[in-house]
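The values are calculated or read from the model by the stated rules, or taken from the named source; none is laboratory data. Small disclaimer: the values here were computed from a predicted structure and weren't measured. Positions of Cβ are backbone-derived with ideal geometry, glycine not excepted, and every protein chain shown enters the neighbour counts.
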Amino acid sequence: MWPNGIRCAVCITFDLDAETAWQEDPRLVNNPGVQSQGRYGPKIGVPIILDLLKRQAIESTFFIPGKIAEDYPHTIKAIIDAGHEIANHSYSHTPLYNLSLEEEEEELVRTKAILEGFGVRIVGFRSPWEVSENTLFLLEKHKYLYSSNLMDDIRPYRHSDAELIELPLQWITEDWAHFAYGQGLFIKKIATNTEVREIWSDEFEGIFEFSGLFNLVLHPQVIGRPSRIKMLDEFISFIKAHDGVWIGTCLEIAEHVARVVP
């Protein structure tokens, strides 16, 4: 599947949810403390992450809700100016299964227009929370190249009888599942950096052996804490130490898969 000499592909991606991550519960919308946790992402997390990616000479993909692009245009411009891909993350971060087909399509179309207003082409989509029964149909209808939503494989694939490429992911390679803490999450433990680094390293080595795709899903408000950025820096260096690893944007990987998978 991969180019000659490549054993495993890696995409290091960021979901820039900011405040929208905390708006599913109407009790949180007007809670300044909760909202400030989301605001940390574009305010502090993104600049730290951009410095790390520059130092590691990596191009990444940022999935951005339309609402956040409207609220933080200078942050979006900084991401693009640094050479990274941006992609669609719906508009309001409302779970898609709570939307009608028409509402979901409106969020998809609205966000694409907002993001393309920054002078880039938008061909990728990652859902907030989970996909609905309409999501893949809508991505096909609007000529998206790739989806990064499903958890049914360790290698990218083409959806049956469709042009759409799937870049699968899994909760195990998310930061939110291990680190996120706040309203509604107080019953869970905040994992240590050592625990998460071990989980990610073991999963990467397993995917490497299967010549799969390691799709790391990160959130600037979560991974962007100083100690976690240090851990991420070390983890990226660990990945690079393996011969035959290709670290690319979702767009680069999807374009390659589209060429080689019938």
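Within segment 201-219, is there a residue that is under 26 Å from ALA87 (Cα atoms), touching a Pro at 6+ places or on another chain (Cβ under 8 Å) and in contact (Cβ under 8 Å) with a residue 24 or more places away in the chain? Checking segment 201-219: at least one residue is under 26 Å from ALA87 (Cα atoms), touching a Pro at 6+ places or on another chain (Cβ under 8 Å) and in contact (Cβ under 8 Å) with a residue 24 or more places away in the chain.
Applying a threshold of 7 Å to beta carbon distances and a minimum spacing of six or more residues, or different chains, the list of pairs starting in segment 152-170 at a residue that is hydroxyl-bearing (Ser, Thr, Tyr) and ending at one that is in a loop (DSSP other than H, G, I, E, B) reads TYR157/VAL261.
Scanning segment 171-183 for residues that are touching a residue at least 24 places away in the same chain (Cβ under 8 Å) and within 30 Å of PRO3 (Cα to Cα), we see that the one that is surrounded by the most Cβ atoms within 10 Å (Cβ to Cβ) is ASP175.
Once segment 38-97 is narrowed to residues that are hydroxyl-bearing (Ser, Thr, Tyr) and either over 13 Å from LEU16 (Cα atoms) or not in a loop (DSSP other than H, G, I, E, B) (or both), the residue that is farthest from the chain's Cα centre (by Cα) is TYR97. Looking only at residues in segment 107-127 that are among the aliphatic types (A, V, I, L, M) and crowded, with 20+ Cβ neighbours inside 10 Å, the one that is farthest from the chain's Cα centre (by Cα) is ILE114. Within segment 201-235, take every residue that is within 15 Å of ILE48 (Cα to Cα) and among the hydrophobic types (A, V, I, L, M, F, W, C) and give me the one that is farthest from the chain's Cα centre (by Cα). Residue satisfying both the conditions and the ranking: MET231.
Looking only at segment 184-198, decide whether some residue is more than 26 Å from LEU50 (Cα to Cα), free of Cβ contacts under 8 Å to residues at least 60 places away in the same chain and either part of a helix (DSSP H, G or I) or in contact with a Lys or Arg (Cβ under 8 Å, 6 or more places away or on another chain) (or both). Within segment 184-198, none of the residues are more than 26 Å from LEU50 (Cα to Cα), free of Cβ contacts under 8 Å to residues at least 60 places away in the same chain and either part of a helix (DSSP H, G or I) or in contact with a Lys or Arg (Cβ under 8 Å, 6 or more places away or on another chain) (or both). Candidates in segment 2-26 are the residues that are surrounded by fewer than 18 Cβ atoms within 10 Å (Cβ to Cβ) and either on the phi > 0 side of the Ramachandran plot or free of Cβ contacts under 8 Å to residues at least 24 places away in the same chain (or both); of these, the one that is nearest to the chain's Cα centre (by Cα) is PRO26.
Between GLY41, GLY124, GLY66, the distinction of being at pLDDT 95 or above, in contact with a Cys (Cβ under 6 Å, 6 or more places away or on another chain) and not acidic (Asp, Glu) belongs to GLY124 only.
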